[in-house]
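The next block holds one structure in the form of structure tokens; read it before the comments.
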Amino acid sequence: MNEDLDNLQYSNIWDYNYANFFKETQYNNRTLSDEERRQFIDVINETISRYLEGLPLSQNTLQSIKGKHDEYHEAERTVVSVMQFVLITMIDSMVASKYFLMADKDYDKRFMRGKLMVILNEGFKRLYGFDEKTHKKSEWDRLLLIMRYFPEIINRQYQELTFHLERQAKSSSWWKEERNLETHLDTEKLYVSRQEEIIERKVMMDSMKLFNTLLAVNHFLTNVHACLFNFLVGKYKRGELKDE
């Protein structure tokens, strides 16, 4: 055990080009072929499987630090909690997208499109918010409170992502009307909303808008978590942290 700890290496902090995650893709009026639909579903299943691995890890970490309220563990709790939110929202959006593509009945497909719109709206609202009120309750604002503990590169990336997230918040209504109709069940208006033409490729492009945003944030959080890990590695190498 001690030999393993002695071989601990610092984790890399990656300098991502976050702008790439926020590039707008224009719908080109093409419809999905059966083969493209199958390929989409295969990619979605692989993506879900990959990110599912992180959920028990985040939950185990949160359980293990219950009752620990020093500055380090409060920062770790915030980071891991936000990571858990990001992972679940990414996975949920992919699951909804998959069953939208798989639906072979007209009403089923319209239903799944509506529920996907709910995730897109609620997901971004919780991640960043659309105005001052929702932003103050967002996961992103929670991270701001702990940025003072992290190095310049992390704070710079936080500021860069804030710029992109603010632009995303203002880029569209994020399907607010559809979300309201789907959740409040104003059936007459909901019926009209669901009659909108279904364009599979466009719906998938819409879902990727949230997924790519969350992916950018997930990469950032991986860097933040690496800083926490490196802090502990440094303490151990200096003899300030003992193997118990």
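The values are calculated or read from the model by the stated rules, or taken from the named source; none is laboratory data. The structure presented is a predicted model; accordingly, all values stated were derived computationally and were not measured. We place every Cβ from the backbone using ideal geometry, glycine too, and count neighbours over all the protein chains shown. For the accessible areas, the whole protein counts, side chains as well, though only heavy atoms, and no ligand, DNA or RNA atoms are used. Shrake-Rupley method; radii C 1.70, N 1.55, O 1.52, S 1.80 Å.
Here are some notes:
- Number of residues in the range 97-111 that are open to solvent by less than 10 Å² (accessible area, probe 1.4 Å) and either of a type in the set (Ser, Thr, Tyr) or within 20 Å of Ala216 (Cα to Cα) (or both) equals 1.
- Helices (runs of 4 or more DSSP H) (entirely within the range 86-180) containing at least 1 residues that are aliphatic (A, V, I, L, M): 106-127, 139-144, 152-171
- The C-beta contact set for the range 225-242 (first residue closer than 19 Å to Tyr149 by Cα, second residue acidic (Asp, Glu) and assigned to a loop (DSSP other than H, G, I, E, B), distance under 9 angstrom, 6+ apart or interchain) comprises Gly234/Glu240; Tyr236/Asp243.
- Comparison of Phe211, Phe150 shows that the only residue that is touching a Cys at 6+ places or on another chain (Cβ under 6 Å) and either among the β-branched types (Val, Ile, Thr) or buried (at least 18 other Cβ atoms within 10 Å of the Cβ) (or both) is Phe150.
- Hits in the range 57-75 - residues which are open to solvent by less than 70 Å² (accessible area, probe 1.4 Å) and closer than 19 Å to Leu214 by Cα: Ser58
Residue-by-condition table, conditions (1) in contact with a Phe, Trp or Tyr (Cβ under 9 Å, 6 or more places away or on another chain); (2) of a type outside the set (Lys, Arg):
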{"site": "Leu143", "(1), (2)": "yes, yes"}
{"site": "Ile146", "(1), (2)": "no, yes"}
{"site": "Pro151", "(1), (2)": "no, yes"}
{"site": "Glu166", "(1), (2)": "yes, yes"}
{"site": "Thr183", "(1), (2)": "no, yes"}
{"site": "Lys189", "(1), (2)": "no, no"}
{"site": "Glu197", "(1), (2)": "no, yes"}
